[in-house]
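Notes to accompany the following structure.
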Amino acid sequence: MSKQPHTNSRRRQLVLGTGAAALAAGTPLGAFAQAAGRIKIGYVSPQTGPLAPFGEADKFVLGGINSALKNGLTIGGRKYAVQIVVRDSQSNPNRAGEVAGELILKEKVDLMVVASTPETTNPVSDQCELNGVPCISTVAPWQPWYIGRQANPAGGPPAWKPFDWTYHFFWGLEDIIAVFTNMWNSLPSNKSIGGLFPNDGDGNAWGDKVVGFPPVLEKMGYKLTDPGRYQNLTQDFSAQIAAFKKANAEIVTGVVIPPDFKTFWTQAAQQGYKPKIVSVGKALLFPPAIEALGDLGDGLTTEVWWSPSHPFKSSLTGASAQKFAAAYEAATKKQWTQPIGFVHALFEVAVDALKRSGDPAKKAAVRDAIAASKLNTIVGPIAWSGVPFKNVAKTPLVGGQWVKGKKRKYELVIVNNETAKNIPTQARIKSL
C-alpha cells in the first residue's frame, strides 16, 4: 500500500476521538482514564476534489458526534472510549479504496462508515466486504451501490447476491424518478427531456436502459434524448446542447457534478437554449453551487433528502432537524446543506448498533446488530427489512426548488411531497 500524503499534523487533525486529538477537541481526560476499552470507527468521505461539497459539513457534524460521545459508551457492562478516524477520499475511487484499506489493516477499525456518491461508498464497502469489517454507507442511490458492486450487475435477481458485511441506507432511482416526474407533471411541457449522464457510477446507473431513467420515462410518455456518456470535468457541452435543442427538450435532467453543471448551464444560456424545467441531481444540492450561477440559479429543481423542515430528530442528541440546521448555520455562518443530516445519521446508526452488539470487538456481532437496526434518526426511520434487498434500507425523498430568498440569495424550498406526505411543502413549483 502506498504511503499516505498526510503530514503528521494533518493526521492529528483528522483523528477525532480519544487521546491528544480528543483533548484538543475538548474531550475530558477523565472520560478515557476510566474506560476499559476503545472502539475505533473509520470514516471516509470526499473532503477535497470536485465532490468536496458533500464533505463540507463533516467538521461540524463530527464535532457534534464527538461531543455526544465524550463520555464513551457502556456496552455489555463495560465502558469504552470511542475514537473516530477520518480519511479524505479526495473524490477519487482509487484513493477511497486505499484509505479504507489503511483504516482496516493499519488502524484496525472495529466499524467503518462512509458517505457520498458511489465513487466513495463503493470502493470503501468493497474493502470492508473483502476484509470482513462491518460497514454502513449512505448518500448514494442504492442501485449504483448494490447493483454496481455485483460481479454480474446485468444478470439481475437472482444473480445479484446479498453482501455479508456492508449495509446501505438512502433512496433509490425509483424514488428520484417519481419525485422528478411528479414535479414535471405539475407543470405544462411537451414531455421532451434532455438527459445529462456522465461516465461514472451515478451517471451509468441513471442512464441505464434496464434499471435507470429511460425505461420508466418511456412508459410514462416522455421522450428522452440521451447524447451518451461524457467525462466528468468536461469543458464543452455544445454537443449535448445542440441535441437538446434539436429535440426541443423543454425538460433537462441528469446527475451532474457541480462544476460540470455550471459549465453546461452557462453555455446553454450563451447558445440560446432555455428549457422550462431543469431537475438535476448532485450539482443542485449545494447553496454555493447555486449562488455561483448568479441569476441563472433561480427556479432550478432537485431532490431533497433532508432539510430543516423534515419532521425527525436525532436519536443521539434529541435535536430536531430544524435545530440541527440552525446550529450548523450559527457555527459556520454558512447555509444549511443536505449531507449534514445523513452524516449525522450514519453515526446514529453506528452507535446504536455498537450498543446492541454486546461486544464491539466481535465484528460479526456488530454486523448482526446493524442488520437488526430499527432506529428513528434525524433523517427518518432506518431498518434493513429485506426490501428491496437485505443490505438496503430506504429513506424518504421529496422535490425542491431554488428560489430567491429573504436571508440568502437562494433558498431551497420543498415543492412536491407526493412521495412522502409527512414532509411538508413550502411553496408551489414554478417554470423557469
Query raised in the report: With respect to Leu296, is the statement that it is of a type in the set (A, V, I, L, M, F, W, C) and touching an Asp or Glu at 6+ places or on another chain (Cβ under 6 Å) true?
Result: no
Report task. Consider Val343 carefully, then state whether it is crowded, with 20+ Cβ neighbours inside 10 Å and among the hydrophobic types (A, V, I, L, M, F, W, C). Result -> yes
Requested in this report: Search the stretch 417-432 for residues being touching a residue at least 40 places away in the same chain (Cβ under 8 Å), within 23 Å of the chain's Cα centre (by Cα) and loosely packed, with under 14 Cβ neighbours inside 10 Å, and hand back the single one that is nearest to Gly272 (Cα to Cα).
Outcome: Pro424
Requested in this report: Looking only at the stretch 374-409, count how many residues are buried (at least 20 other Cβ atoms within 10 Å of the Cβ) and either of a type in the set (Ser, Thr, Tyr) or on the phi > 0 side of the Ramachandran plot (or both).
Outcome: 3
Report task. Kindly check whether there is at least one residue in the stretch 230-244 that is in contact with a helix residue (DSSP H, G or I) (Cβ under 9 Å, 6 or more places away or on another chain), surrounded by fewer than 16 Cβ atoms within 10 Å (Cβ to Cβ), of a type in the set (D, E, K, R) and within 26 Å of Val139 (Cβ to Cβ). Result -> no
Query raised in the report: Of the residues in the stretch 95-118, how many are touching a strand residue (DSSP E or B) at 6+ places or on another chain (Cβ under 9 Å), buried (at least 24 other Cβ atoms within 10 Å of the Cβ) and part of a helix (DSSP H, G or I)?
Result: 4
**Report entry** Any hit, the stretch 274-293, residues being under 18 Å from Ala247 (Cβ atoms) and of a type in the set (Ser, Thr, Tyr)
**Finding:** yes
Query raised in the report: Since Ile75 meets every condition but one in (1) out of contact with any Leu (no Cβ under 8 Å at 6 or more places or on another chain); (2) at pLDDT 95 or above; (3) of a type in the set (A, V, I, L, M, F, W, C), which condition does it not meet?
Result: (1)
Report task. Report yes if some residue within the stretch 365-385 is modelled with pLDDT under 95, over 20 Å from Leu130 (Cβ atoms) and not hydroxyl-bearing (Ser, Thr, Tyr); otherwise report no. Result -> no
Report task. Please indicate, with yes or no, whether at least one residue in the stretch 396-408 is under 17 Å from Ile65 (Cα atoms), of a type in the set (Gly, Ala, Ser) and under 19 Å from the mean Cα position of the chain (by Cα). Result -> no
Report summary line: Subset of the stretch 403-432, residues in the same structural domain as Met183 (by TED's automatic domain parsing) and out of contact with any strand residue (DSSP E or B) (no Cβ under 9 Å at 6 or more places or on another chain), comes to Lys406, Lys407, Arg408, Lys409
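Listed here are the residues, each with its yes/no results for (1) surrounded by fewer than 17 Cβ atoms within 10 Å (Cβ to Cβ); (2) within 27 Å of Tyr410 (Cβ to Cβ); (3) modelled with pLDDT under 95.
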position: Trp206; (1), (2), (3): no, yes, yes
position: Ala249; (1), (2), (3): no, yes, no
position: Glu291; (1), (2), (3): yes, yes, yes
position: Gly294; (1), (2), (3): yes, yes, yes
Report summary line: Of the residues in the stretch 251-289 that are modelled with pLDDT under 95 and either outside the structural domain of Thr181 (by TED's automatic domain parsing) or small (Gly, Ala, Ser) (or both), the one that is nearest to Leu51 (Cα to Cα) is Ala283
Query - Residue count for the stretch 365-387, restricted to those that are of a type in the set (A, V, I, L, M, F, W, C) and either in contact with a strand residue (DSSP E or B) (Cβ under 7 Å, 6 or more places away or on another chain) or under 16 Å from Ala321 (Cα atoms) (or both) - result: 9
Query raised in the report: Quick check, is Gln338 in the same structural domain as Gly76 (by TED's automatic domain parsing) and over 23 Å from Asp110 (Cα atoms)?
Result: yes
Report summary line: Within the stretch 76-94, residues touching a strand residue (DSSP E or B) at 6+ places or on another chain (Cβ under 8 Å) and either crowded, with 21+ Cβ neighbours inside 10 Å or not assigned by TED's automatic domain parsing to the domain that holds Pro53 (or both) come out as Tyr80, Ala81, Val82, Gln83, Ile84, Val85, Val86, Arg87, Asp88, Ser89
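The values are calculated or read from the model by the stated rules, or taken from the named source; none is laboratory data. For clarity, every value in this text was computed on a predicted model and none was experimentally measured. Virtual Cβ from ideal backbone geometry, glycine too; neighbours counted across all protein chains shown.
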